[in-house]
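The values are calculated or read from the model by the stated rules, or taken from the named source; none is laboratory data. Note that this is a predicted model, so its numbers are computed, not measured. Here the Cβ positions follow ideal geometry from the backbone for every residue, glycine too, while neighbour counts run over all protein chains shown.
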Amino acid sequence: MPALACCVDAAVATPPSQAFIWDGIVPTPESFPASGVSLLTNTTITTAPANAWSPTHSSMLYRVDGWGAPYFSVNSSGNVSVRPYGADTLAHQEIDLIKVVKKASDPKASGGLGLQLPLIVRFSDVLNNRLQSLQSAFDFAIQSQAYGAHYQGVYPVKCNQDRFVVEDIVKFGSGFRFGLEAGSKPELLLAMSCLCKGSSEALLVCNGFKDAEYISLALVARKLHLNTVIVLEQEEELDIVINISRQLRVRPVIGLRAKLRTKHSGHFGSTSGEKGKFGLTTTQILRVVKKLEQHGMLDSLELLHFHIGSQIPSTALLADGVREASQIYCELIRLGACMKVIDIGGGLGIDYDGSKSQDSEISVGYSLEDYAYAVVQAVKSVCDRNGVKHPVICSESGRAIVSHHSVLVFEAVSASSYESPVMPSFGLQYLLEQLTDDALADYRNLSAAAIRREYDTCLVYAEQLKQRCVQQFKEGSFGMEQLAAVDGLCELVSKAIGVSDNSRTYHVNLSVFTSIPDFWGIGQLFPIIPIHRLDERPTMRGILSDLTCDSDGKIDKFIGGESSLPLHELEGNGSVNGHGGKYYLGMFLGGAYEEALGGVHNLFGGPSVIRVLQSDGPHSFAITRAVPGPSCADVLRVMQHEPEVMFETLKHRAEEFADDDDTNGSMSLASGLTRSFNNMPYLLCSASCSLTAANGNNGYFYCDEDTFASAADSVAAEDEQWSYCVA
């Protein structure tokens, strides 16, 4: 590429068209590796010709094998493929994600479910596999180290309180006594209800701050023969437990949460350590033990709980904290407590970027097997040293259980186009004559710096020139055409040097605040990639801008330290008006927290949700449950509005101002208003959603799991016919 040289003297002495000349004084951008911006950062990708592009290149570019294994990959068709059984998934069992999305979103007249995007796709088989993998990791660690007790985990429902997620976990985990953890009264109520169908040995761990009603509920759960443990977060809670347990004549099982000295740095470690939000100090623990002894209830103390912090980066830190807690456990036994369980809390991390790094808040440097082995080894070594019987090991690994099973799918509806800088049609000579002396000096300094190849200095003077011209514009001495010309000039300099940002803004049918609140709130990064067209080379880089009227409603940071994402050109410039091909993106590993934390900013409600199981049908999957996202009426009710009253008001207004002979017009307006209240708040990129809460059955469409396979097989077995079941 030729380069740009700015020569003010020549500009003044020669015709305007010769003021800017390309003469090779400024080298091409490739000469500046420190400041050059390449379209794609992966070397293999960059050097691959467009006609040689393959799904393997896309897999490398988006690091799918790093963060996605063993559940996600790119198939030979260039689509994201889901492996529901992890590494044990057979080739014919893999599920093509784009086919699931099309089945969910296609109109009912075309054989789809008519759901509107955005869409959460839950793969229950993946959830089951995560539970089994966690249990297997601990079983192997216990067996290989001759540990004298067993492991039984609990799922902290705060990670995702969705009814069907919690019910699945209880069902899938009943064979190995998997329980639930609650941190509030409504969470306790749902946990009590769900565990009635679980294992009788499953733990119901009651965490969080407690009042008399919370503790009464927990004690009622024991009356219902649920294996409930009340974990003391504050010393004052003990008096309430003692008093209410006597009133209800229920013998409580008590645990306590210890504040450890061990903690890790960063955002996720802020709840641990001596200054942490929860738990008891050693002094408080001693007072609790003494009070229980005075009331003849020391044998009720059975569980020790602690939490180092979420996303524990290394097994070294993990083992250090577990050893400290194990020593406290042994001391409690020495003091006379009938301890049985050590609850290591959460902290089992997720590798969001595939880097397997111990120095990142979005990655971890260990596997499930490494984690379990480190825990068992630490507990065993301390207990053996103290001559204490090995306790049952419990963990609260919510993020690690539910993150992988859920994929958020949304659509890019349009993209801003990058405009190459152009020189003004009226010539540079005229522009220079409009500049102030200071601005003209900046221009001459810019020219001199370019000739000396001082490119950082070029950028400084270009920015100064632009700011001075902006000030002239504000003062009315500079026209809009001249200001645009200066912008083009400065952009031309940046492009010649190699620091121009050519990334586009892709407008997505999504609310960041509703569906990815952790990105906005704490800067949490998630893998985001196109879920199709991965057999094509992405030729653009872009950031994602959501629908909300908020400047924070964008995603401009991505895994790998990237400030933009490799993307494809939209076909027909998007599909918001029904033209061109659709372009679907997926956010992965977001199954924990995002749904619970999402709000209704700009009155955008949550996504539609489907539940998918692997089946033996022609497309390897069955949709067993479909729930449309909240309608406009639903989100209005959240803010105390009354959609029915609003509709009547607007309907009467339409009738009032309708022409006397235009009865059909007012009826048409009323019909349109009805549709607007019943549709989701998001853009209608295709046919209107035909599956809404107004259709009855409380908006839920599902079939019995025991019969879904036979129902799926009853569908015509044409190649393009889908296997699914909707009641």
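Could you look through the stretch 483-513, keep only residues that are of a type in the set (S, T, N, Q) and modelled with pLDDT of 85 or more, and pick out the one that is surrounded by the most Cβ atoms within 10 Å (Cβ to Cβ)?
Ser511
Would you call Ile230 part of a helix (DSSP H, G or I), in the same structural domain as Asp343 (by TED's automatic domain parsing) and not charged (D, E, K, R)?
The answer is no for Ile230.
How many residues does the stretch 630-673 hold that are touching a Lys or Arg at 6+ places or on another chain (Cβ under 9 Å) and modelled with pLDDT under 90?
4
Since Lys158 meets every condition but one in (1) closer than 30 Å to Asn678 by Cα; (2) surrounded by 23 or more Cβ atoms within 10 Å (Cβ to Cβ); (3) under 20 Å from the mean Cα position of the chain (by Cα), which condition does it not meet?
Against the list (1) closer than 30 Å to Asn678 by Cα; (2) surrounded by 23 or more Cβ atoms within 10 Å (Cβ to Cβ); (3) under 20 Å from the mean Cα position of the chain (by Cα), Lys158 comes up short only on (2).
Would you call Ile623 touching a residue at least 24 places away in the same chain (Cβ under 8 Å), touching a Phe, Trp or Tyr at 6+ places or on another chain (Cβ under 6 Å) and either closer than 29 Å to Pro530 by Cβ or part of a helix (DSSP H, G or I) (or both)?
Answer is yes for this residue.
Out of all the residues in the stretch 90-105, is one or more over 23 Å from the mean Cα position of the chain (by Cα) and free of Cβ contacts under 8 Å to residues at least 24 places away in the same chain?
Scanning the stretch 90-105 turns up at least one residue that is over 23 Å from the mean Cα position of the chain (by Cα) and free of Cβ contacts under 8 Å to residues at least 24 places away in the same chain.
Among Val609, Val635, Val645, which is crowded, with 17+ Cβ neighbours inside 10 Å, more than 20 Å from the chain's Cα centre (by Cα) and outside the structural domain of Ser511 (by TED's automatic domain parsing)?
It is Val635.
Residues checked against (1) among the polar types (S, T, N, Q); (2) crowded, with 16+ Cβ neighbours inside 10 Å; (3) within 30 Å of Asp546 (Cα to Cα); (4) not assigned by TED's automatic domain parsing to the domain that holds Val205:
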site	(1), (2), (3), (4)
Tyr352	no, yes, yes, no
Ser363	yes, yes, yes, no
Leu368	no, yes, no, no
Cys394	no, yes, no, no
Leu440	no, yes, no, yes
Asn445	yes, yes, no, yes
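Could you give every pair whose Cβ atoms fall below 7 Å, whose first residue belongs to the stretch 529-546 and is without any contact (Cβ under 8 Å) to a residue 12 or more places away in the chain, and whose second residue is of a type in the set (Val, Ile, Thr), counting only separations of at least 6 or pairs across chains?
Nothing qualifies.
Is it the case, given these coordinates, that Leu248 is of a type outside the set (Ser, Thr, Tyr) and surrounded by 20 or more Cβ atoms within 10 Å (Cβ to Cβ)?
When the stated conditions are applied, Leu248 does not pass them.
Results for (1) within 26 Å of Gly365 (Cβ to Cβ); (2) at pLDDT 95 or above; (3) surrounded by fewer than 18 Cβ atoms within 10 Å (Cβ to Cβ); (4) in contact with a strand residue (DSSP E or B) (Cβ under 6 Å, 6 or more places away or on another chain), shown as yes or no for each residue.
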residue	(1), (2), (3), (4)
Ser272	yes, no, no, no
Gly276	yes, no, no, no
Leu286	no, yes, yes, no
Lys291	no, yes, yes, no
His295	no, yes, yes, no
Asp299	no, yes, yes, no
Ile308	yes, no, no, no
Ile312	yes, no, no, no
Ala316	yes, no, yes, no
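Identify the single condition in (1) touching a helix residue (DSSP H, G or I) at 6+ places or on another chain (Cβ under 6 Å); (2) at pLDDT below 95; (3) basic (Lys, Arg) that Arg130 does not satisfy, given that it satisfies every other one.
Here Arg130 meets the rest and fails (2).
Tell me whether the stretch 593-607 contains one or more residues that are hydrophobic (A, V, I, L, M, F, W, C) and touching a strand residue (DSSP E or B) at 6+ places or on another chain (Cβ under 9 Å).
Among the residues of the stretch 593-607, not one is hydrophobic (A, V, I, L, M, F, W, C) and touching a strand residue (DSSP E or B) at 6+ places or on another chain (Cβ under 9 Å), which makes the answer no.
Mind counting the residues in the stretch 79-100 that are farther than 17 Å from Gly617 by Cβ and either assigned to a helix (DSSP H, G or I) or at pLDDT below 95 (or both)?
The total comes to 3.
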